[in-house]
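Peer 1: Dropping a structure here in structure tokens format, bear with me for questions.
The values are calculated or read from the model by the stated rules, or taken from the named source; none is laboratory data. Quick caveat: nothing in here was measured; it's all calculated off a predicted structure. Cβ placement follows ideal geometry from the backbone for every residue including glycine, while neighbour counts extend to all protein chains displayed.
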Amino acid sequence: MIYNYYPGCTLSTKAKLLDLYAKRSGEVLGFELKELVDWQCCGAVYPQAEDEIATKLSSVRSLAAAAAIDGKLVTLCSACHHVLKRVNDDMANNSEMRDKVNAYLELDTPYAGETQVIHYLELLRDQVGFDKIAEKVVKPLTGRKIGAYYGCMLLRPAGIMQFDDPENPTILEDFLQALGASPIPFDMRNECCGGYMAIKEKGTAQGMVSEILASARNKGVEELITACPLCNYNMDVNATPSEHLPIHYFTELLAEALGVKEEGEN
């Protein structure tokens, strides 16, 4: 099976491992991620102004490109997924914005939100199946006490993202169980880490990271996984040495369990 794939900018730079291990794991699980031709940066932040059009155009171009192929688009980065999903909802439900965007882009076929935006985790759960993944595991993560850190962008706004229960998500814990690990839910796994404030308001971000890591440690978490490059960076860089927990992209652990992560590779 071949899926249209939107990698986003960070997966070519700081978050290469998120991309690399997703592709390797896909080969084992029987699917391929085919990168969209000429995709553009989504902007990483969904604009809140209702009349903001310009910063949404690049996302619409990618969504329309996927619609012209088979109507499905797989993402990995939480920020990219968030922006694409919300812009897609705008194109489906905001007629004024849709008309303006289509008039500006002059697409061969006007776009109206037809593409299904799928996060890689949803692909694993709904298309492959966690039970099938468990059958492919050759190096189970037995005994590893791992906390799933969702952050905020995958889950909210819940009515649009429709990813999981925003207050009590389970998809990452179910994923970890399929790999043989011992997932440990903790109270602040779906709270914002302050990633967008990590440079301008470093102290605020450090305080938010400290609370999240304390919440995880208090439950016995020994390492974390995430789907967000910004969360990964913030939780790593803005943790004090005494607070620090190892943090991995979820695809790293998937590749490890499937036996396609080489020893010492990082």
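Peer 1: Across region 1-14, which residue is farthest from Leu253 (Cα to Cα) among those that are touching a Pro at 6+ places or on another chain (Cβ under 8 Å) and not in a loop (DSSP other than H, G, I, E, B)?
Peer 2: Out of the qualifying residues, it is Thr10.
Peer 1: Now for a separate question. So which residues in region 124-167 are among the polar types (S, T, N, Q), under 30 Å from Met91 (Cβ atoms) and either at pLDDT below 95 or in the same structural domain as Thr251 (by TED's automatic domain parsing) (or both)? If you could, list the steps in order and put the result at the bottom.
Peer 2: Going through region 124-167, the residues among the polar types (S, T, N, Q) turn out to be 127, 142, 162.
This time we only want the ones that are under 30 Å from Met91 (Cβ atoms), so: 127, 162.
Selection gives Gln162 alone.
Peer 1: Is one or more of the residues making up region 61-73 of a type in the set (Asp, Glu) and farther than 27 Å from Tyr196 by Cβ?
Peer 2: There is at least one residue in region 61-73 that is of a type in the set (Asp, Glu) and farther than 27 Å from Tyr196 by Cβ.
Peer 1: Looking at region 237-257, can you tell me whether even one residue there is free of Cβ contacts under 8 Å to residues at least 24 places away in the same chain and either farther than 28 Å from Leu29 by Cα or part of a helix (DSSP H, G or I) (or both)?
Peer 2: Within region 237-257 (the criterion being free of Cβ contacts under 8 Å to residues at least 24 places away in the same chain and either farther than 28 Å from Leu29 by Cα or part of a helix (DSSP H, G or I) (or both)), the answer is yes, since at least one residue qualifies.
Peer 1: Quick one: which of Leu17, Leu33 is at pLDDT 95 or above, in a helix (DSSP H, G or I), surrounded by fewer than 23 Cβ atoms within 10 Å (Cβ to Cβ) and not aromatic (Phe, Trp, Tyr)? Break it down stepwise before answering.
Peer 2: On the way: Leu33 fails: in a helix (DSSP H, G or I).
Just one listed residue meets the conditions, Leu17.
Peer 1: Still on this model: Go through (1) surrounded by fewer than 16 Cβ atoms within 10 Å (Cβ to Cβ); (2) closer than 11 Å to Asn234 by Cα; (3) hydrophobic (A, V, I, L, M, F, W, C) and name the single condition Val209 misses.
Peer 2: Status for Val209: all satisfied but (1).
Peer 1: May I ask you to list pairs of residues, at least six apart or on different chains, whose Cβ atoms are under 9 Å apart, with the first in region 196-212 being outside the structural domain of Pro47 (by TED's automatic domain parsing) and over 17 Å from Ala44 (Cα atoms) and the second being surrounded by 14 or more Cβ atoms within 10 Å (Cβ to Cβ) and among the aromatic types (Phe, Trp, Tyr)?
Peer 2: Pairs found: Ala205/Tyr196; Ile212/Tyr149; Ile212/Phe186.
Peer 1: If you go through region 219-226 one residue at a time, do you hit one that is hydroxyl-bearing (Ser, Thr, Tyr), under 16 Å from Arg144 (Cα atoms), crowded, with 16+ Cβ neighbours inside 10 Å and outside the structural domain of Arg24 (by TED's automatic domain parsing)?
Peer 2: Yes; the residues of region 219-226 include at least one that is hydroxyl-bearing (Ser, Thr, Tyr), under 16 Å from Arg144 (Cα atoms), crowded, with 16+ Cβ neighbours inside 10 Å and outside the structural domain of Arg24 (by TED's automatic domain parsing).
Peer 1: Would you check which residues across region 49-86 are more than 15 Å from Leu121 (Cα to Cα), outside any loop (DSSP other than H, G, I, E, B) and of a type in the set (A, V, I, L, M, F, W, C) and list them? Let's see the steps before the verdict.
Peer 2: Taking region 49-86 first, the residues more than 15 Å from Leu121 (Cα to Cα) are 49-71, 83-84, 86.
Imposing the further condition that a residue be outside any loop (DSSP other than H, G, I, E, B) reduces the set to 54-69, 83-84, 86.
Ala54, Leu57, Val60, Leu63, Ala64, Ala65, Ala66, Ala67, Ala68, Ile69, Val83, Leu84 - these are the residues of region 49-86 that are more than 15 Å from Leu121 (Cα to Cα), outside any loop (DSSP other than H, G, I, E, B) and of a type in the set (A, V, I, L, M, F, W, C).
Peer 1: Condition first: under 30 Å from Ile133 (Cα atoms), touching a residue at least 60 places away in the same chain (Cβ under 8 Å) and touching a strand residue (DSSP E or B) at 6+ places or on another chain (Cβ under 8 Å). Can you find one or more residues in region 22-32 that meet it? Before the answer, list the steps.
Peer 2: Keep residues of region 22-32 that are under 30 Å from Ile133 (Cα atoms), which gives 22-32.
Restricting the remaining residues to those that are touching a residue at least 60 places away in the same chain (Cβ under 8 Å) gives 22, 24-25, 27-31.
Now drop any that are not touching a strand residue (DSSP E or B) at 6+ places or on another chain (Cβ under 8 Å), which leaves 22, 31.
Checked against the condition, which is being under 30 Å from Ile133 (Cα atoms), touching a residue at least 60 places away in the same chain (Cβ under 8 Å) and touching a strand residue (DSSP E or B) at 6+ places or on another chain (Cβ under 8 Å), region 22-32 yields at least one hit.
Peer 1: Moving on. Which numbered condition trips up Asn234, out of (1) within 28 Å of Thr13 (Cβ to Cβ); (2) surrounded by fewer than 24 Cβ atoms within 10 Å (Cβ to Cβ)?
Peer 2: (2)
Peer 1: Considering only region 104-123, state which residues are hydroxyl-bearing (Ser, Thr, Tyr), more than 12 Å from the chain's Cα centre (by Cα) and within 19 Å of Val83 (Cβ to Cβ).
Peer 2: Across region 104-123, the qualifying residues are Tyr104, Tyr111, Thr115.
Peer 1: I would also like to ask the following. Determine which single condition Phe163 fails, assuming it passes every other condition in (1) outside any loop (DSSP other than H, G, I, E, B); (2) of a type in the set (A, V, I, L, M, F, W, C); (3) surrounded by 21 or more Cβ atoms within 10 Å (Cβ to Cβ); (4) out of contact with any helix residue (DSSP H, G or I) (no Cβ under 6 Å at 6 or more places or on another chain).
Peer 2: Among (1) outside any loop (DSSP other than H, G, I, E, B); (2) of a type in the set (A, V, I, L, M, F, W, C); (3) surrounded by 21 or more Cβ atoms within 10 Å (Cβ to Cβ); (4) out of contact with any helix residue (DSSP H, G or I) (no Cβ under 6 Å at 6 or more places or on another chain), Phe163 violates only (1).
Peer 1: So Arg156 passes all but one of these: (1) closer than 25 Å to Tyr3 by Cα; (2) touching a residue at least 12 places away in the same chain (Cβ under 8 Å); (3) charged (D, E, K, R). Which condition number does it fail?
Peer 2: (2)
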